[in-house]
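Worksheet for the structure shown next.
The values are calculated or read from the model by the stated rules, or taken from the named source; none is laboratory data. Values in this document were obtained by computation on a predicted structure and should not be read as measured data. Please note: Cβ atoms are built from the backbone with ideal geometry, for glycine as well, and neighbour counts cover all protein chains shown. Side chains are part of the model used for accessible areas, which takes the heavy atoms of the whole protein and leaves out ligands, DNA and RNA. Shrake-Rupley method; radii C 1.70, N 1.55, O 1.52, S 1.80 Å.
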Amino acid sequence: MDILANYGTTLVLIAASVGFFMAWGIGANDVANAMGTSVGSKALTIKQAIIIAMIFEFAGAYLAGGEVTSTIRKGIIDANYFVDMPEILVFGMISALLAAGSWLLIASYMGWPVSTTHSIVGAIIGFSALGVGADTVAWGKVGGIVGSWVVTPLIAGVFSFIIFNSAQKLIFDTDKPLDQARKWVPFYMFLAGFVLSLVTIKKGLKHIGMDIGSTEGYFYAIAVAVIVAIIGKFFVSRLKFEKGKDVHDDYVNVEKVFAILMVITACCMAFAHGSNDVANAIGPLAAVVSIVNSNGEIASKAALAPWILPLGGVGIVAGLAIFGHRVIATIGKGITHLTPSRGFAAELAAACTVVVASGTGLPISTTQTLVGAVLGVGMARGIAAINLGVVRNIVASWVVTLPAGALFSILFFWMIKGAFT
């Protein structure tokens, strides 16, 4: 306890620094996933994608990130074991943030889209199991995370398969694809608007003191979606295309219409991601601040200091802008060839999966969600459309993430503990 009294401010400053580093890693890796389909399909340039991500990731993190966060991410360890030695939990959370951030730095450099959630969970398991004891870890929840490696991509893949095939049947496989696009694209805009507004209403508005009921929330989401669809129909109807010589020229024009949709879905995915994954950086940081400020008392939930959410939001944006291009290349070009219509199907499916998961408590990785969605689009065109070598490397990096986070965390934990004791 004397350590917290004597070095409390120093520990908070260190935690804030490594928390920013972790948020930077989330931006470099996970946000690049969210923008990869937009850039890979050429619906957005890399500069446009970064600007959109800066606005919507920060808005999602700050508005919908929550004013209270779980101090132990995913409830993966039992805080009761640390009641008599809160400084050990502080050292552990700092080492977990540093470990997860380091692994994300390596993975982003290699172009591997890995799970930031699994990075921090692996790191927390590492310091807790070896630093305190294996009994501190809820191993059943670890099994659930491993199971999500299959469940999450599968759900997103099914969503994207359905969305892409619906576009094929309703638009591309018709005699007049351009006319059909003008007819059906507003419907897809309605879906995108509904998903984005539902996330905002159910999570974001609660943060600023507006707690809207479930039924009322769906009503507002539908209203917003109708407005988005009407605006979309207006802009789509104003698009002027030269009549193509053959159906291929019409396909090109239809893809231009879907490029407009990609902007909406990119915003949707960025907002959903910012609200969901900022907790990976701010949860452990909030734990350190809470323990230090309460003189060693460990709470299961911690109210966020005003500076924590902006710190996470800025870190995410900085990571994408500085180091996000490598993972963008893997997602956008490495797995399968993407066009705006395919990229739209993948992004909307991923955003839908995030919404479903947040509503049901399903453990989720936005990375695996989007990779699964892109695979679903590829599978709709046949297995030959997928680069299996790239997929194999991605899956291998997922498997390595938990033990890599744990190993780094153990090393950093003993170093930090040795420095302060």
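Here is how the numbers come out for the structure above:
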quantity	calculated
Added length on full extension, which subtracts the Cα-Cα distance from 0.36 nm per residue, Ala134 to Tyr218	25.9 nm
Accessible surface, 1.4 Å probe, highest first, among residues Thr215, Thr366	Thr215, Thr366
Calculated FRET value between Gln168 and Ile106, using beta carbons and R₀ = 41 Å, to 0.05	0.60
Ile231-Lys176 pseudo-label distance in nm [points 7 Å out on the Cα-to-Cβ vector]	2.9 nm
Heavy-atom SASA rank of Trp398, Trp24, Trp112, Trp414 (probe 1.4 Å, accessible area, largest first)	Trp414, Trp112, Trp24, Trp398
Given the chain, longest segment not containing exposed loop GluC sites (Glu not before Pro) (DSSP; at most 15 other Cβ within 10 Å)	68-241
Residue with peak Gaussian network fluctuation, the chain [Cα springs, cutoff 10 Å], from Ser166, Ser290, Ser108	Ser166
Above-threshold pairs, the threshold being 30 Å between Cα atoms, out of Lys47/Lys176; Lys301/Lys417; Lys42/Lys183	Lys47/Lys176
The chain, accessible surface, carbon-and-sulfur percent (1.4 angstrom probe)	67 percent
For the stretch 385-411 and the stretch 91-156, distance of Cα centres in Å	11 Å
Taking the convex hull of Cα positions in the chain, its mean projected area over all directions (nm²)	19.4 nm²
Solvent-accessible area per residue, Å², over the chain with all protein chains present [probe radius 1.4 Å]	40 Å²
FRET efficiency for Phe187 and Val390, using Cβ-Cβ distance with R0 set to 41 Å, rounded to 0.05	0.80
DSSP loop trypsin sites (Lys or Arg not before Pro) with at most 11 other Cβ within 10 Å: longest gap in the chain	1-239
The chain - mean residue ellipticity at 222 nm from DSSP helices (-39,500 (n - 2.57) per run, n ≥ 4, rounded to 500)	-25000 deg cm²/dmol
Computed label-point distance, nm, for sites Ala303 and Val356 using a 7 Å Cα→Cβ extension	3.7 nm
Stretchable slack from Ile322 to Val151, in nm (0.36 nm times residue separation minus alpha-carbon distance)	58.4 nm
Dipole magnitude of the chain about its Cα centre (Cβ charges: Lys, Arg +1; Asp, Glu -1), debye to nearest 20	1160 debye
The chain: angle of helix 366-380 to the longest principal axis, Cα-based, in degrees nearest 10	30 degrees
Potential lengthening between Ala5 and Lys141 on full extension [0.36 nm per residue; Cα-Cα distance subtracted]	45.6 nm
